[in-house]
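Taking it in order: structure first as structure tokens, then the write-up.
The values are calculated or read from the model by the stated rules, or taken from the named source; none is laboratory data. Since the structure is predicted, the reported quantities are computational estimates derived from the model, not experimental observations. Because the Cβ atoms are built from the backbone with ideal geometry, glycine has one as well, and the counts that use them run over all protein chains shown. Protein only, heavy atoms only, side chains kept; ligands, DNA and RNA dropped before computing areas. Shrake-Rupley method; radii C 1.70, N 1.55, O 1.52, S 1.80 Å.
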Amino acid sequence: MDWGLLILALILVESGGDNSAVGDRGHAIGCLQIHRCVVEDVNRIYKMNFRYPRDALNRQKSVEICMLYLKHYGLDYERRTKKPATAEVLARIWNGGPNGAKPQAAPTR
């Protein structure tokens with residue numbers, strides 16, 4: 001896994017590289033569009049002390065938050081599915097949360 005390339009792609013998709021971007025009606029901030037719950041989750045899992053919104057607006061810290069989050073939930077995905085957490089899977093987790101990689105039901109007509 002090329003983590004640098006994955007993170008760069010996420011930054012470009014999420015904010016176009018804008019460290020001060022605000023989206024999702026003010027709930028997602030920074031270059032990776034981090035929500036408060038992501039920071040709280042990383043702090044709980046890793047016993048860290050990241051601060052929202054400050055650290056979500058800091059590119060270096062937001063990248064660290066993202067990588068920790070994706071490593072944890074990527075391993076969780078691999079344990080549950082017995083499949084590798086590919087870049088696509090990790091991007092889906094980042095976009096949709098811990099269960100974001102689960103296939104969605106087919107739309108009904």
task: Return the residue satisfying two criteria in turn: it lies in the stretch 20-42 and is among the aliphatic types (A, V, I, L, M) and not in a helix (DSSP H, G or I), and of such residues it is surrounded by the most Cβ atoms within 10 Å (Cβ to Cβ).
output: ILE34
task: Of the numbered conditions (1) aliphatic (A, V, I, L, M); (2) under 22 Å from ALA101 (Cα atoms); (3) in contact with a strand residue (DSSP E or B) (Cβ under 6 Å, 6 or more places away or on another chain), VAL22 fails exactly one; give the number of that condition.
output: (2)
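Kindly establish whether LYS47 is modelled with pLDDT of 95 or more, open to solvent by less than 80 Å² (accessible area, probe 1.4 Å) and basic (Lys, Arg). Show your work before the answer.
Working: modelled with pLDDT of 95 or more: yes; open to solvent by less than 80 Å² (accessible area, probe 1.4 Å): no; basic (Lys, Arg): yes.
Judged against the criteria, LYS47 is not a match.
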- request: Inspect the stretch 59-68 for any residue being under 22 Å from ASP2 (Cα atoms), of a type in the set (Asp, Glu) and either open to solvent by 60 Å² or more (accessible area, probe 1.4 Å) or outside any loop (DSSP other than H, G, I, E, B) (or both) and give the result as yes or no.
  value: yes
task: Pairs only if they're at least six apart or on different chains, beta carbon under 7 angstrom, first in the stretch 45-69 and without any contact (Cβ under 8 Å) to a residue 24 or more places away in the chain, second open to solvent by 60 Å² or more (accessible area, probe 1.4 Å); list them, first residue then second.
output: PHE50/LYS61; TYR52/ARG36; ASP55/LYS61
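If you check ALA9 against the conditions, is it more than 17 Å from GLY97 (Cα to Cα) and open to solvent by 30 Å² or more (accessible area, probe 1.4 Å)?
Yes, satisfied.
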